[in-house]
Every structure is written in structure tokens, then in C-alpha cells.
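Enquirer: Take this structure, written in C-alpha cells, and hold onto it; I'll ask about it next.
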Amino acid sequence: MDRLPSRLWIEALVRRAQLSGASAFIVQHGDDDRGDVLIKVARLDGTAAAYVPSTNLEGERVFLNLEIQGVGPDEVSVDDYVRRAKSRDSDLWIVEIEDKEGRAFLTEPVED
């Protein structure tokens, strides 16, 4: 099955976050159809997490918590990663979610 266009997927993510009482912002608008995605979740206490899509062994779309690669939990290291990713890929969607509970609002599984 084909994936949704990136723009529609991002709009749904932002809406889920907002309906749950969190704030969500599109920091960088990527390619509408096939742009990659980077999600930053700021917990508003100086910590944050970064998530990127991947594919598991079964071929299903999952998201990776980049803390396994040393990105976070301090917000400064997440911001540094986001800055580098932004400069590497102009088609990248970057979404920042601000939520004290640290919810990412992803419907896909997250692998830590």
C-alpha cells in the first residue's frame, strides 16, 4: 500500500497534537508528496526527543527515537541535530511538538 503524501500525513499529525492540547508547528515545509519527516518533541523542561521514519524487518513504517543514536534527551543536542538535518535536506519536513507529557502523537510504532 502506498503512503499518504507527506503533506497530508503532517497535517494529520499537527491536528492530532492540537486536539490533544499540545502545540505543533511546521518548522520547515518539505516536499508535499514524498518529503522525509523529522519530528521534534519538546517537553518544555529542557529535554526533547527526535523521531525519524524507518522500515522494520517486516517492511512496515516505524519511527526511530534518535536517543539511541545520542540525540537527546537534552534539547540542545536535539536542536543541533535538527539544524544539521535542515541544512542537508531542503525537502525535509520538520515538525516541532511542544507537550509537557512528551507525546509524539505518532500512529506508527516507535522503536527505541
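Just so it is clear, none of the values below were taken in a lab; they were calculated from the coordinates. For clarity, every value in this text was computed on a predicted model and none was experimentally measured. A quick note on method: Cβ atoms are made from the backbone with ideal geometry, for glycine too, and the neighbour counts reach across all protein chains shown.
Enquirer: Report yes if VAL95 is in contact (Cβ under 8 Å) with a residue 12 or more places away in the chain, touching a Leu at 6+ places or on another chain (Cβ under 7 Å), within 27 Å of GLY21 (Cβ to Cβ) and among the β-branched types (Val, Ile, Thr), otherwise no.
Expert: It is true that VAL95 is in contact (Cβ under 8 Å) with a residue 12 or more places away in the chain, touching a Leu at 6+ places or on another chain (Cβ under 7 Å), within 27 Å of GLY21 (Cβ to Cβ) and among the β-branched types (Val, Ile, Thr).
Enquirer: Is the range 27-43 home to any residue that is in a helix (DSSP H, G or I) and either of a type in the set (Val, Ile, Thr) or farther than 21 Å from GLU111 by Cα (or both)?
Expert: No, every residue in the range 27-43 fails to be in a helix (DSSP H, G or I) and either of a type in the set (Val, Ile, Thr) or farther than 21 Å from GLU111 by Cα (or both).
Enquirer: Let me spell it out: the conditions are (1) in contact (Cβ under 8 Å) with a residue 40 or more places away in the chain; (2) not in a loop (DSSP other than H, G, I, E, B), and VAL76 meets all of them except one. Which number is the exception?
Expert: The number of the failed condition is (1).
Enquirer: For residues that are aliphatic (A, V, I, L, M), free of Cβ contacts under 8 Å to residues at least 60 places away in the same chain and either surrounded by 15 or more Cβ atoms within 10 Å (Cβ to Cβ) or under 13 Å from ARG103 (Cβ atoms) (or both), tally how many sit in the range 8-48.
Expert: Counting residues in the range 8-48 that are aliphatic (A, V, I, L, M), free of Cβ contacts under 8 Å to residues at least 60 places away in the same chain and either surrounded by 15 or more Cβ atoms within 10 Å (Cβ to Cβ) or under 13 Å from ARG103 (Cβ atoms) (or both) gives 6.
Enquirer: Considering only residues of the range 49-61 that are surrounded by 11 or more Cβ atoms within 10 Å (Cβ to Cβ) and out of contact with any Leu (no Cβ under 9 Å at 6 or more places or on another chain), which is farthest from VAL37 (Cα to Cα)?
Expert: ASN56
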